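The values are calculated or read from the model by the stated rules, or taken from the named source; none is laboratory data. Just so we're clear, the structure is a prediction, and the values are computed from it rather than from any experiment. Neighbour counts run over all protein chains shown; Cβ positions are idealised from the backbone, glycine included.
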2 protein chains.
Amino acid sequence: MNIEEFVRDGHLTYMPSVAVDCAIFGFHDNTLKILLLKWKNLKGWSLPGGYMKRTEEADEAAGRLLRERTGLEKIFLQQYHTFTGIDRTKIPGMDMQEFGHSIGVEIGPEHWLRQRVVCVGYYALVEYSRVRNPQADTFTEVCEWCNIDELPHLLFDHKEMIEMAVKTLRLQLNFQPVGLNLLPHKFTMSELQKLYETLLGYPLDRGNFRKKMLGTGILRKTGERPTGKAHKAPHLYSFNKQEYVRSLKSGMRFS
Amino acid sequence: MNIEEFVRDGHLTYMPSVAVDCAIFGFHDNTLKILLLKWKNLKGWSLPGGYMKRTEEADEAAGRLLRERTGLEKIFLQQYHTFTGIDRTKIPGMDMQEFGHSIGVEIGPEHWLRQRVVCVGYYALVEYSRVRNPQADTFTEVCEWCNIDELPHLLFDHKEMIEMAVKTLRLQLNFQPVGLNLLPHKFTMSELQKLYETLLGYPLDRGNFRKKMLGTGILRKTGERPTGKAHKAPHLYSFNKQEYVRSLKSGMRFS
DNA sequence: TTTTAATGAGTACTATTTACTCAATAAACA
DNA sequence: TGTTTATTGAGTAAATAGTACTCATTAAAA
């Protein structure tokens, strides 16, 4: 669907007042990253998102968006909050009419795009390296990873959305398979620790982290020890998924 | 707004595809209770809920509903999930036309009430005794407390909604001021323990619970010891709200 | 060959949790 | 009126978990 079609007939396919936005998290170079879109005619970035189709539920809409941006299927995806601010999509200093002109279409006063939109927020956890060529959408020109603590200027209420998503991710660390979904299949103990430290926001004792992690039984030694880097080669681990999920049910705890 | 007005012009006041439902919890006789509505023309019960006004945000809508049913203001209220199932408001064996006739109004095929509705779910915690005379709404005839494990037949997707609300409440026990909002101002240690046991779903050791609770510093001895009942008179406690909120930030833990 | 920085493993100490015991007490009972 | 009963307040010992370390090992770099 191109822009003209979307502006004219979008309301036939989509619900005009319900959207889904998706905070897609990745972990790389010991840093939490998020996938953002740079808009064509607005000076700012946003989360990937879009209207909900009339024929789909929110989970499906979020999955579709994730697929469209990353090409990935069957990704860990969680609804975390619904945003309903009255003027949440308003852009300071620009009205919808102007925006229409900037993209070359007419958006009259009764146009369906003028309706108030509530937005169901999701967060997704993806393995960073699997996202090869993230795709922008109709209204955007760049889709790329941004460090979570070096965010660009964000449009709409997306700053608040990201803050809330990160906060939720932190709280869910002991109840959701965060490591399993953010790390590659094989990883070192240090990488796992760095992920926890990044999300918790404070350092952990190396020996105790190691002891506790191994104690939970959620890790499997692969036997490999990747050489090539300086110093002693670390073991490579992978998750014992069954045991991980079982552990989460009673709630792990790292402090 | 009466039924005729609502059916005819409701879409001018309300967003036709966004609603809010509210799981209102109370605690009485050592039992978790929820406030439910019995419908006039449908054989079943539902959560209090309603369309979101065009001029209000979800939090405000939930607050309004809570006020309309219970008469209470400034109640602990938390969004917990948004429900978007395609046929979530469908009633097996009855279509909207029939329903319209049953309440004496005409609901044609293009009527605004036919639109798909997504629903933002909230849960509220109220002090049971403060709810004196819960009020039914336009479509319902009874509004009353039900035991959480003796639920009547529920309409729409409200069984799922309640289950999810209870699950959320359990998970939030250590992060939200659940005791503070569900218990009366003054309460005994046993009552507090019963609340925790009810929500957690398993018994706790009395001595250890007491020791830990007093250790957190969130309780204040009132000095009173209510007499009149059999056996040794227990102390009455109230919450030290500041300390409670502070404790929750780092997350309490009862297992 | 030596140095360096990181890993794997372990240890002593502290704090918390768990599973109990026991005296005190207020109403109910005989 | 004295005794019984159920419940409360308080405390303890043992087991478990968490904290702050040390130290030998090792692979690449100097």
Given (1) within 18 Å of the chain's Cα centre (by Cα); (2) within 13 Å of DNA strand C (Cβ to nearest atom), index of the condition B:Met161 fails: (2)
Qualifying positions in the stretch A:72-92 - part of a strand (DSSP E or B), more than 10 Å from chain B (Cβ to nearest Cβ) and more than 21 Å from B:Arg54 (Cβ to Cβ): A:Phe76, A:Leu77, A:Gln78
Members of the stretch B:110-129 that are buried (at least 21 other Cβ atoms within 10 Å of the Cβ), away from chain A (no Cβ under 14 Å) and small (Gly, Ala, Ser): B:Ala124
Residue in the stretch B:96-103 that is within 21 Å of B:Ala23 (Cα to Cα) and of a type outside the set (D, E, K, R) present: no
Restricting the stretch B:1-54 to residues that are of a type in the set (Val, Ile, Thr) and within 14 Å of chain A (Cβ to nearest Cβ), the residue that is surrounded by the fewest Cβ atoms within 10 Å (Cβ to Cβ): B:Thr13
Enumeration of residues in the stretch B:191-205 that are away from DNA strand C (no atom under 12 Å from the Cβ), more than 14 Å from chain A (Cβ to nearest Cβ) and either out of contact with any Leu (no Cβ under 7 Å at 6 or more places or on another chain) or farther than 25 Å from B:Lys167 by Cα (or both): B:Lys194
Unmet requirement for A:Arg69, which otherwise passes all of (1) among the charged types (D, E, K, R); (2) without any contact (Cβ under 8 Å) to a residue 40 or more places away in the chain; (3) more than 14 Å from chain B (Cβ to nearest Cβ); (4) outside any loop (DSSP other than H, G, I, E, B): (2)
Selected residue (only one of B:Glu98, B:Glu57 is over 18 Å from the mean Cα position of the chain (by Cα), within 13 Å of another protein chain (Cβ to nearest Cβ) and not polar (S, T, N, Q)): B:Glu57
Qualifying positions in the stretch A:191-217 - of a type in the set (Asp, Glu) and either more than 14 Å from DNA strand D (Cβ to nearest atom) or on the phi > 0 side of the Ramachandran plot (or both): A:Glu191
Pick from the stretch A:218-234, criterion of a type in the set (Val, Ile, Thr) and more than 7 Å from DNA strand D (Cβ to nearest atom), ranking: farthest from A:Val245 (Cα to Cα): A:Thr222
Conditions (1) modelled with pLDDT of 95 or more; (2) more than 11 Å from DNA strand C (Cβ to nearest atom); number of the one not met by A:Asn208: (2)
Test: residue in the stretch A:156-174 that is more than 18 Å from A:Gln78 (Cα to Cα), away from chain B (no Cβ under 14 Å), at pLDDT 95 or above and buried (at least 18 other Cβ atoms within 10 Å of the Cβ): yes
Positions within the stretch A:211-255 being within 11 Å of DNA strand C (Cβ to nearest atom), closer than 26 Å to B:Arg253 by Cα, in a loop (DSSP other than H, G, I, E, B) and away from chain B (no Cβ under 14 Å), in sequence order: none
Any chance A:Leu180 is within 16 Å of DNA strand C (Cβ to nearest atom), touching a helix residue (DSSP H, G or I) at 6+ places or on another chain (Cβ under 7 Å) and closer than 20 Å to A:Gln78 by Cβ: no
In the stretch B:240-255, residue nearest to B:Leu199 (Cα to Cα) [restricted to those that are hydrophobic (A, V, I, L, M, F, W, C) and within 16 Å of DNA strand D (Cβ to nearest atom)]: B:Phe254
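Considering each of B:Lys186, B:Lys211 in turn, give the residue that is among the basic types (Lys, Arg) and either buried (at least 19 other Cβ atoms within 10 Å of the Cβ) or within 23 Å of B:Arg130 (Cβ to Cβ) (or both). Spell out the reasoning first.
Numbers: B:Lys211 fails: either buried (at least 19 other Cβ atoms within 10 Å of the Cβ) or within 23 Å of B:Arg130 (Cβ to Cβ) (or both).
Answer to the selection: B:Lys186.
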Check on A:Leu236, of a type outside the set (Phe, Trp, Tyr), surrounded by 12 or more Cβ atoms within 10 Å (Cβ to Cβ) and under 14 Å from A:Phe175 (Cα atoms): no
